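S.K.: Sharing a structure, written as structure tokens. Questions coming.
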Amino acid sequence: MRLFKTKKIRSELLAICVGLLLFTISCQKIPTDYAVSDKYRLVWNNDPQTSVTLGWNQLQSSEIEVLFGTKDHGRKYWKYRNKVNPTDGNSKYGMNTEFALLDNLKPGTNYYFVVKDKVGVSDRFWFKTAPAEPTAFTFVAGGDTKSSGLPLEAGRASNRLVSKLRPLFVVFNGDFTGSHGTDSLLWQLWLDDWFGLTTTDDGLMIPILPVHGNHENGDRANLNYIFNSPYQNNDSSQIYYSATIGGNLLHVIALNSEIETGGAQKKWLEDDLKKNENCTFKAAVYHKPFRPHYTGKRENDYQYNQWVWLFDKYGLDISIDADSHIHKITYPVSPDTLSAKAEMGFIRNDEKGTMYFGEGSWGARPRENDDDKSWTLSSGSFNQIKWIHVFPDENKTPAHLNIYTVKSASYDSDKNQTLYDVNVDALTEDDLFGIPKNITLFEDDIFGNVVKYPFHSNN
């Protein structure tokens, strides 16, 4: 009898202690001090369905933790179930850059996180992992920003539109700053703008898939310094990689037009295309177009010869480029150097061709769209981003893409700038595919404000 009472007393004391501990934890106050860090960015450079890389600038040396989980605990860092320490970093361009890999994540899931150091705790942010099954989503693509004047403001308008559209991710097709990629202040400005303007009001941070452009050529390892981007052959100048989103719904191949496009990169491209041949949609993203739609840019014949035949052989669906600072969408085309109907090495092929679009102008001052081809669907001279809706097979509706061109700025004949983001209503998580009120979409007389792929679905 005495033994029973002793055990009971111990059990009650243990329960009291546990209760006191839980009460103490629950009574912890939210830290008043904030972590001494800034310039946050999320990057997809592994498997976007199960991981994401967080990068930031650590302003003061400290012990750092990223605390995260599937439940939103605000800045109450002690409530998050998972934590990681920085896994990589560098001191390039006047920043103490840290990278933390958040992995073993659940696909198609919201994750909330804070960064904690000795000084305090950051704001609470969140992100979404890519789905592992074919599920509808949107993404934004574009490139070419500048670092001063009206082009800087145009780029900021594009950034703000990203936050209002709330895409699953962004492809940024190179030329991040207005220099050769080695100016510390310009990188810091770009990162401040990216974090401050693309993050939504409710703290959603949108992952980026960065692509190397010619304005990063001052150091061809730049994307590794800034985004921890993966590289090939143990050479940090060889930055090209790929990612699959939504099971086999979309495969994105990030190529590098600023290094040797043949040789090792060409072999890697063919291996990657062959490995992912059965994906519903395959997209190549890179900086310089094969056939620019601005006469001031040279034709890229060598790059054409290295890549375009592989695109055709393995059924690439869409190709997104930049560099010329215009808007362009082509009809689906196939490579052809023999037919009398072909122009500049391409012939229209609505059934099996690749659709090429992009040419940059995220913020850089638009140039003249003065080099259309017979297979050009539309072109224009204004600042713009591409907003792509990706739909799987569903309810007897075949898988398809809806491609919108969102205008962010334009100039009149007196070089006065108009920004188009100011009155645009922000989308919500309950409606990510609606057309926001007051958004300015490019329209043409044939297809209106959306071009569909496969192309026959436009009919």
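S.K.: Out of all the residues in region 254-266, which are surrounded by fewer than 23 Cβ atoms within 10 Å (Cβ to Cβ) and outside any loop (DSSP other than H, G, I, E, B)?
M.R.: GLY263, ALA264, GLN265, LYS266
S.K.: Would you mind telling me which numbered condition in (1) over 18 Å from PHE99 (Cα atoms); (2) of a type in the set (Phe, Trp, Tyr); (3) in contact (Cβ under 8 Å) with a residue 40 or more places away in the chain TYR240 fails?
M.R.: Every condition holds for TYR240 apart from (3).
S.K.: Please work out which one of (1) out of contact with any Ser or Thr (no Cβ under 9 Å at 6 or more places or on another chain); (2) closer than 26 Å to LEU316 by Cβ; (3) touching a residue at least 40 places away in the same chain (Cβ under 8 Å) is the condition PRO436 fails and give its number.
M.R.: For PRO436, the exception is condition (2).
S.K.: Of the residues ASP123, ASP117, ASP103, ASP175, which is assigned by TED's automatic domain parsing to the domain that holds ALA409 and among the acidic types (Asp, Glu)?
M.R.: Every option except ASP175 fails the conditions.
S.K.: Same structure again: So PHE455 clears everything in (1) loosely packed, with under 12 Cβ neighbours inside 10 Å; (2) within 26 Å of THR280 (Cβ to Cβ); (3) more than 23 Å from the chain's Cα centre (by Cα); (4) not small (Gly, Ala, Ser) except one condition, right? Which one?
M.R.: (1)
S.K.: Hey, can you tell me all the residues within region 194-223 that are outside any loop (DSSP other than H, G, I, E, B) and touching a residue at least 40 places away in the same chain (Cβ under 8 Å)?
M.R.: Result: TRP194, PHE195, LEU197, LEU204, ILE208, LEU209, PRO210, ASN214, HIS215, GLU216, ASN222.
S.K.: Could I ask something else about it? When the residues of region 209-248 are filtered to those that are buried (at least 23 other Cβ atoms within 10 Å of the Cβ) and among the hydrophobic types (A, V, I, L, M, F, W, C), which remaining residue is nearest to ASN173 (Cα to Cα)?
M.R.: Top of the filtered list is VAL211.
S.K.: A follow-up question, please. For region 84-95, check the following and say yes or no: at least one residue is in contact (Cβ under 8 Å) with a residue 40 or more places away in the chain, surrounded by fewer than 20 Cβ atoms within 10 Å (Cβ to Cβ) and either among the hydrophobic types (A, V, I, L, M, F, W, C) or in the same structural domain as PHE169 (by TED's automatic domain parsing) (or both).
M.R.: no
S.K.: Next up: Across region 105-150, what is the number of residues that are surrounded by 22 or more Cβ atoms within 10 Å (Cβ to Cβ), farther than 26 Å from TYR404 by Cβ and touching a Gly at 6+ places or on another chain (Cβ under 6 Å)?
M.R.: 0
S.K.: Next question. Report whether or not SER374 is surrounded by 13 or more Cβ atoms within 10 Å (Cβ to Cβ) and of a type in the set (Ser, Thr, Tyr).
M.R.: yes
S.K.: If you don't mind, there's one more thing I want to ask. Could you list all residues from region 438-448 that are buried (at least 16 other Cβ atoms within 10 Å of the Cβ) and under 20 Å from PRO332 (Cβ atoms)?
M.R.: Correct list: PHE442 only.
S.K.: Would you confirm, using the coordinates I've provided, whether LYS352 is crowded, with 18+ Cβ neighbours inside 10 Å, at negative phi and either charged (D, E, K, R) or free of Cβ contacts under 8 Å to residues at least 12 places away in the same chain (or both)?
M.R.: No; evaluated as a whole, the condition is false for this residue.
S.K.: Continuing with the same structure: Give all pairs with beta carbons closer than 8 Å in which a residue from region 400-416 that is farther than 17 Å from ILE326 by Cβ meets a residue that is part of a loop (DSSP other than H, G, I, E, B); count only pairs at least 6 apart in sequence or on separate chains.
M.R.: Sorted first by the residue in region 400-416, then by its partner, the pairs are HIS400/PRO454; LEU401/ASP317; ASN402/VAL450.
S.K.: Mind checking which residues of region 317-360 are over 30 Å from GLY178 (Cα atoms), in a loop (DSSP other than H, G, I, E, B) and of a type in the set (S, T, N, Q)?
M.R.: The answer is THR337, SER339, ASN349.
S.K.: OK, next. Just the residues that are within 16 Å of ASP272 (Cα to Cα) and either outside the structural domain of HIS212 (by TED's automatic domain parsing) or in contact with a helix residue (DSSP H, G or I) (Cβ under 7 Å, 6 or more places away or on another chain) (or both), please, taken from region 317-343.
M.R.: Answer for region 317-343, where residues must be within 16 Å of ASP272 (Cα to Cα) and either outside the structural domain of HIS212 (by TED's automatic domain parsing) or in contact with a helix residue (DSSP H, G or I) (Cβ under 7 Å, 6 or more places away or on another chain) (or both): just SER319.
S.K.: For ASP47, only one of the following conditions fails: (1) modelled with pLDDT under 95; (2) acidic (Asp, Glu); (3) in contact with a Ser or Thr (Cβ under 9 Å, 6 or more places away or on another chain). What is its number?
M.R.: Only one criterion is unmet by ASP47, namely (1).
S.K.: Within region 188-207, is even one residue touching a Gly at 6+ places or on another chain (Cβ under 6 Å) and surrounded by 21 or more Cβ atoms within 10 Å (Cβ to Cβ)?
M.R.: no
S.K.: Follow-up question, since we're still on this one. Just for strands (runs of 3 or more DSSP E) wholly inside region 395-459: which have at least 1 residues that are under 18 Å from TRP375 (Cβ atoms)?
M.R.: Hits in region 395-459: 400-411, 451-453.
S.K.: Does any residue in region 111-127 that is of a type in the set (Gly, Ala, Ser) come within less than 7 Å, Cβ to Cβ, of a residue that is not in a loop (DSSP other than H, G, I, E, B) six or more places away or on a different chain, and which pairs are these?
M.R.: Cβ pairs passing all conditions: SER122/SER37; SER122/VAL114; SER122/VAL115.
The values are calculated or read from the model by the stated rules, or taken from the named source; none is laboratory data. All of these numbers come straight from a predicted model, not from anything done at the bench. Ideal geometry is used to build each Cβ from the backbone, glycine not excepted, and the neighbour counts take in all protein chains shown.
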